[in-house]
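Here is the structure we will look at, set down as structure tokens.
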Amino acid sequence: MRLGVELGKSVVFQESNRETRVDVKESVRGQTIFIIQTIPRDVNTAIMELLVMAYALKTSCAKNIIGVIPYFPYSKQCKMRKRGSIVCKLLASMLAKAGLTHIITMDLHQKEIQGFFSFPVDNLRASPFLIQYIQEEIPDYRNAIIVAKSPAAAKRAQSYAERLRLGLAVIHGEAQCSESDMADGRHSPPCVRNTTGHTGLELPLMMAKEKPPITVVGDVGGRIAIIVDDIIDDVGDFVAAAEILKERGAYKIYIMATHGLLSADAPRLIEESAIDEVVVTNTVPHEVQKLQCPKIKTVDVSMILAEAIRRIHNGESMAYLFRNITVDD
């Protein structure tokens with residue numbers, strides 16, 4: 001709608017056995033095609049639709065096939081955990097094999113994910129839109145403090161705090177260490193010394209991690225607390241952080257995130273929590289969740305996605321879309 005271009009004529013549907021079928025109803029030979037694919041709750045079906053559509057266009061001799069994927073699925077599985085796999089790398093390889101030649105996405109969970117792809121990736125940022133929301137929609141935002149709900153989110157929070165000229169607080173402690181503990185394979189195999197096999201090499205025993213008591217680094221008393229992150233899905237950590245901030249004297253608590261997945265009973269938990277407002281962008285459909293919880297607000301980022309499509313199609317520079325963007329976003 002923003003570009004004034006009609007949608008291409010195609011049909012995507014599922015057979016009775018749940019197989020995905022795509023029919024392209026017009027010639028795409030020698031053309032540049034943009035596939036817009038948002039990721040609803042049925043993630044795997046959406047991925048198959050994207051793969052089959054890209055392959056259909058590739059075999060129809062399209063010149064360029066560009067995927068517009070505002071939220072890139074499986075982006076949290078971007079590093080080795082125990083004896084698992086890096087699924088994000090697998091998905092990147094599948095997209096390249098299916099025929100995609102370029103991707104436009106927004107706020108990848110880790111910027112290094114761009115290295116998984118064998119073709120260009122434009123990782124747009126939602127921070128200018130969320131910062132604008134803070135300035136225009138939060139009364140007395142000058143009395144706010146930006147909060148990182150874990151030390152891992154401190155860089156993003158610092159970037160927001162510096163641009164808004166606000167203070168910074170970091171929550172650290174037991175409730176925030178669930179994801180990092182034993183996540184990178186360093187505890188595998190178990191640290192038990194083998195007494196019956198080869199004894200030529202004895203590694204020192206590893207000290208077990210001791211989770212510190214939960215603390216808030218920074219003064220939030222009498223302030224508006226604004227927690228910033230890239231994804232809000234399982235809201236348990238956010239609800240716990242809100243309770244802690246409330247106990248420390250924060251009188252209003254906002255959560256700002258790019259991707260509002262809000263799975264399972266997240267709307268109910270938010271409604272019953274100390275959180276005053278959850279602000280997310282429309283990279284992921286969440287109309288049902290908004291009906292269940294009036295605290296959820298939406299920021300429209302379609303403007304920057306449309307401009308990225310226009311610039312790529314016309315061969316223009318993308319640098320303008322990254323102005324005033326720091327590496328920590």
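The values are calculated or read from the model by the stated rules, or taken from the named source; none is laboratory data. It should be emphasised that the depicted structure is a prediction, and the values quoted were computed from it without experimental measurement. Every residue, glycine as well, gets a Cβ built from its backbone with ideal geometry; the counts of neighbours run over all protein chains shown. Side chains are part of the model used for accessible areas, which takes the heavy atoms of the whole protein and leaves out ligands, DNA and RNA. Shrake-Rupley method; radii C 1.70, N 1.55, O 1.52, S 1.80 Å.
Sorting 210, 277 by accessible area (1.4 Å probe), largest first, what list results?
Numbers: 210 165, 277 30 Å².
Heavy-atom accessible area, descending, gives 210, 277.
First obtain the Kirkwood hydrodynamic radius of the chain from its Cα pairs, then insert it into the Stokes-Einstein equation at 10 °C and 1.306 mPa s, and state the resulting D in µm² per second as a whole number. List each step's numbers first, then the result.
On the way: Rh = 22.1 Å.
In µm²/s, the coefficient rounds to 72.
Just grab the label-to-label distance for residue 44 and residue 137, each label 7 Å out from Cα along the Cβ direction, in nm (one decimal).
In this crude spin-label approximation the distance works out to 3.5 nm.
Residue 279's amide H: which non-local residues (gap 5+, or another chain) put their own amide H closer than 5 Å, with H modeled 1.01 Å from N in plane and none for Pro or chain starts?
255, 256, 257, 297
Using only Cα atoms, locate the centre of the range 231-294 and the centre of the range 1-59, then give the distance between them in Å, rounded to an integer.
32
Project the alpha carbons of the range 10-124 onto their principal axes and report the range along each, largest first, in whole Å.
Rounded to whole Å, the extents work out to 45, 33, 21 Å.
Using the charge dipole of the range 10-124 (Lys, Arg: +1 at Cβ; Asp, Glu: -1 at Cβ; taken about the Cα centre), state which of 105, 73, 33 has its Cα farthest towards the positive end.
73
Taking the alpha-carbon distance from residue 295 and a cut-off under 18 Å, which lysines remain once sequence neighbours fewer than 8 residues away in the same chain are dropped?
246, 252
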